[in-house]
Every structure is written in structure tokens, then in C-alpha cells.
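Working notes, structure below.
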Amino acid sequence: MSADTRIRAAWEGRVSGCQLGKPVELLSMRHGHEELTGYLRRAGALPLRDYVPDLGDERIDGRCCRDRLVRAEADDDLDYSLLALELLEEHGLDLDTVDVARAWLRRMPAGRTYTAERAAYTTLLAKGAEWFPEGAEPGFDLDECAANPYREWIGAQIRADFYGWVLPGRPAEAAALAERDARLSHRDAGVDGARFVAALGAALAVSPLVPAVDEALSLLPAGGAAAEAVRLGQELAGDPSGGEAIRDRYAELSPVHTVNNLALVVWSLLSHPDDFGAAIGEVVAAGLDTDCNGATVGALWGLHRGEIPAAWTAPWRGRVGFSLAGVPELDLDELVDRTVALVDRFAPAS
């Protein structure tokens, strides 16, 4: 599979999965799975195999609904992928955590950050803003940014899979890059989830799905919560009630924690390796962090198969919205070209 084919499918899958989950994100997280299921049932959208219908419910983001979607609306799951692209364009494989911090202050609107990212951003503003314009090293320990109550939540995981896209066949290196990004705001399972999805993205370039998951899992601490979540997703693969089992297993966790959402991602990917609509549809219908899981499953499925069905990409017409400073929208072709250029740049010398 050519780099262009693989990368295009990763971007198309991430964007499509994000837009599928975005309308029902707040419904799922604030009102719970029963409300999400009730809405989808009333809309005649179960099983979920197309963009969500708009029933005029104020809890739903109608811009991303079926028959109203004219572009991919901006979302942090897309912003962080673009930011990773920009970071690697500027710093290459020498990217460090301080580079991520500096880029957040320069490029990421504070109002578009959430939970662990907002807490880390607040620390940067309070203690580190004065070092940013001059490009000096911070005058405080960046570890303070990750000393927040959300450090094991999903934010780092949604920032990470791009690092695997550009390092095909090099999962350990992809995981290391993802960790440098993640450590600005996360620790423990929060970092491990990021390492896993980056490593899986890299492994999928050279391995089938099942062994790629095993390889990415091998890079995690065996007794850690993230590894346990991956193994749970593997055990439930093919089980239609897997989403319910995962929600029950992690019922005490926030719906935006890393490990419950990571288990859903692995379960859905392994359950539907040949059906894109089912893979993203089932992970979104399973609830928790719907836009994040739809985006991550979509990107990884695209890397796995190399082609996203046109029915999913046609509605947003190659137009991808962003919230980064000065970038309200980019064309899919530009995103693909810039990402492929990184793949070529980082390729080992022959």
C-alpha cells in the first residue's frame, strides 16, 4: 500500500469518525448511554451505519448531522492531529515536550482545550508565559503541568495516533514521540493510551490488525491499566454486547477516562476489521467519548484497510475545519500531501 493511499485513508477515517461521534458527544457524556441509545432509536439510526439524523434536539450538534453536513466541523480531535503535523514539520523527530508547550501557547486557543489540556495550559500561562516569546527554556518544571486531576483522562490518547501515521513499521519510535507529547499534560494510563494508539498506527503499515494490536500492546507496562484495557477489548472482540461489558467494567470511571475508551476502541476495531461503517458506528453507539473514539477508530481502520467508503467522505467534500490560530479550514488534499512529505522525510536511508 502506498504512503499516499494509507495516509489519505487515515485522514478520511479520522475526520469521518469524528463527525459521526461529534453530534452526540455531549448527549453521551452528560446524559449517559441510555439517552444516547434512546435518541438513536427515535431517529431510526440503530444499528448506526450512517451520520446521525437531526431530530431538532438541542443537545445535538446539528451541523454534523446527516443531510446538514457540508464540511467537517472543527473539533479538538482534528486540531491536535494538525498540531502534531505542524510540530513534526518544524522539529522533526527531535520533537520534545517543551516544543509542544510552546506550540500550545502559540497555536491552540485556550477555550478549545479541556480537562487535562486546560489544566496544563493554565499552568503554562501562570508560570511559563514569559519564556515563550523569547524561545527560552521554561523557568519551572514542566512536570507541574501534568500534576492535575485529569492526567489519566483521554486527552493525550486523542493527540497521539498521528505520530504512528508518519513512522510506518516503527511502533516503538512512534510511541516515544507520543509520550513526549503526552507528558505535558498526562501521566500513567494517560500516557500509555497515547503510546498504544501511536504504536498501533505505525504497526498497521506492515502488519495485519491482530498482530499489530499485539505488537502495540507489548510496548505497554504489562500490569498497567491501559494494557488491561487493551486485553479486555481483545477478549470481547466479536461480542455484540462488548460495549456494555466495557461500560460495566469501568462504571466508576469518568466517560472521558483513557482506559474505558481505549477498551472500546480495541473492541470495535477487532470486531469489525472489514466494515468501516460498523467499526465507527458501533464504537460511537457504545457511548462514552463518542467523537474521540470515532476519530481514533476511523484513523486506525483507514491505516488497516487503506480505503474509506465514499459514502462517508462525500458529505464533507474534502473541507476540514480547525480551531488553530489562523487556520479555519484546510483542504484534505493539502493535509494528505503534507503528511506524506513527513513520511518521506522520516524514512530510513536505504
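The values are calculated or read from the model by the stated rules, or taken from the named source; none is laboratory data. Being a predicted model, the structure only gives us computed values, none of them experimental. Positions of Cβ are backbone-derived with ideal geometry, glycine not excepted, and every protein chain shown enters the neighbour counts. Note: accessible area is taken over every heavy atom of the protein model, side chains too, but ligands, DNA and RNA are not part of it. Shrake-Rupley method; radii C 1.70, N 1.55, O 1.52, S 1.80 Å.
Table for the structure above
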{"read-out": "Some residue of the range 8-16 being out of contact with any Phe, Trp or Tyr (no Cβ under 9 Å at 6 or more places or on another chain) and either open to solvent by 10 Å² or more (accessible area, probe 1.4 Å) or of a type in the set (D, E, K, R) (or both)", "value": "yes"}
{"read-out": "Residue count for the range 26-56, restricted to those that are within 22 Å of ALA314 (Cα to Cα) and charged (D, E, K, R)", "value": "3"}
{"read-out": "All positions within the range 28-57 that are in a helix (DSSP H, G or I), modelled with pLDDT of 95 or more and either acidic (Asp, Glu) or open to solvent by less than 60 Å² (accessible area, probe 1.4 Å) (or both)", "value": "SER28, HIS33, GLU34, GLU35, LEU36, THR37, GLY38, TYR39, LEU40"}
{"read-out": "Residue tally, condition open to solvent by less than 20 Å² (accessible area, probe 1.4 Å) and either at positive phi or part of a loop (DSSP other than H, G, I, E, B) (or both), over the range 61-71", "value": "2"}
{"read-out": "Matching entry among ALA205, ALA226, ALA156, ALA237 (being without any contact (Cβ under 8 Å) to a residue 60 or more places away in the chain and farther than 16 Å from VAL297 by Cβ)", "value": "ALA226"}
{"read-out": "Residues of the range 88-104 satisfying the condition of being in contact (Cβ under 8 Å) with a residue 60 or more places away in the chain and open to solvent by less than 40 Å² (accessible area, probe 1.4 Å)", "value": "LEU88, GLY92, LEU95, THR97, VAL100, ALA101, TRP104"}
{"read-out": "Per-region count, the range 255-276, residues within 17 Å of the chain's Cα centre (by Cα) and among the small types (Gly, Ala, Ser)", "value": "2"}
{"read-out": "Test for GLU137: is it in a helix (DSSP H, G or I), closer than 19 Å to VAL100 by Cβ, out of contact with any Cys (no Cβ under 6 Å at 6 or more places or on another chain) and open to solvent by 10 Å² or more (accessible area, probe 1.4 Å)", "value": "no"}
